[in-house]
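A short worksheet on the structure shown next.
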Amino acid sequence: MIYIYIFVPLAILIIFLAGIRIVRPTHRGLIETLGKYTKFAQPGFHWVIPIIQKIYRVNTTEQMVNAEPQVIITNDNLNATVDAQVYFKVKADEEHVKSSQYNAQNYKYQIVNLARTTLRNIIGTLSLKSANSERGRINTDLHQTLEIETRNWGIEIMRTELKEIDPPKDVQETMNKVVKAENEKIAAVDFATAAETTADGIKRAEIKKAEGIRQAKILEAEGEAQAIKLVNLAAEKYFIGNAQVLRRLQATETALKNNAKIVVPSNTELINVIGEMAGIVPIEKKKPAE
């Protein structure tokens, strides 16, 4: 009887301890009794009957699976190595947690394979260049397809990220050469544009300079024309019918430019003309006394 009193409480304690289950805040639990779902376990302490009952914990935080690199033939018959990541989480309510366990066997594995298949279908319709330039579209199409296909799995597809689209090495080298050639072409065009702009500026400066010279010559010619006009007016006033006197005046003007000394007889008409033009009244000859 002593052994009974010792071993029975000990057995009860062992069974109690064996049935303790703790569910963390990041998880939810499904309790099954003899293989049948019986209870939804929220975070905290739970006790199950050992052997008869079993609890399955499900992570409800955001998780990531890698779709693993794969070689995909693009629409232009090039082999591209493609890799992507899928971010998802199991919704925390009872119905969705149950769906993640009872509607899909190993949903992580299935998400990976579904993502790989979807990527092959999408990128197979694009050229390598289009696939590299339309990563946003590929991510969107992949996300939408996964959402539709997993809607009964109790999970939510948060986002998808296309990690890489790598062409074969020889194709990559060719693409690098093309990009380099394009950059050199753009640089050459920019240099030519700058040179053309400089030449255009020099041209405009020369035109302005020529216009200035032309304007100066016009003004000079107008000045000369005005001077000629004044000479003509003077000639008409003082030398009508006196061409010989005009000729002498011109010769006198030329001589005076060189500071030459000219002796002009006082009894000539030329001195009277010069004096009158300068505002000087000629001196009259004194008559001899009678």
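The set of residues in the stretch 1-40 being out of contact with any Phe, Trp or Tyr (no Cβ under 9 Å at 6 or more places or on another chain) and in contact (Cβ under 8 Å) with a residue 12 or more places away in the chain consists of ILE15, ALA18, ARG24, PRO25, THR26, HIS27, THR33, LEU34, THR38, PHE40. Taken residue by residue, the stretch 4-25 has no member that is outside any helix (DSSP H, G or I), of a type outside the set (D, E, K, R) and under 26 Å from ASP141 (Cα atoms). In the set ALA92, ALA84, only one residue is hydrophobic (A, V, I, L, M, F, W, C), within 45 Å of the chain's Cα centre (by Cα), more than 25 Å from GLN42 (Cβ to Cβ) and surrounded by 13 or more Cβ atoms within 10 Å (Cβ to Cβ); that residue is ALA84. Strands (runs of 3 or more DSSP E) fully within the stretch 61-140 that include at least 2 residues being out of contact with any Ser or Thr (no Cβ under 6 Å at 6 or more places or on another chain) and β-branched (Val, Ile, Thr): 70-73, 79-90.
Values in this text are rule-based calculations from the coordinates and carry no lab data. From a predicted model like this one, the values you see are computed outputs, not experimental measurements. Every residue, glycine as well, gets a Cβ built from its backbone with ideal geometry; the counts of neighbours run over all protein chains shown.
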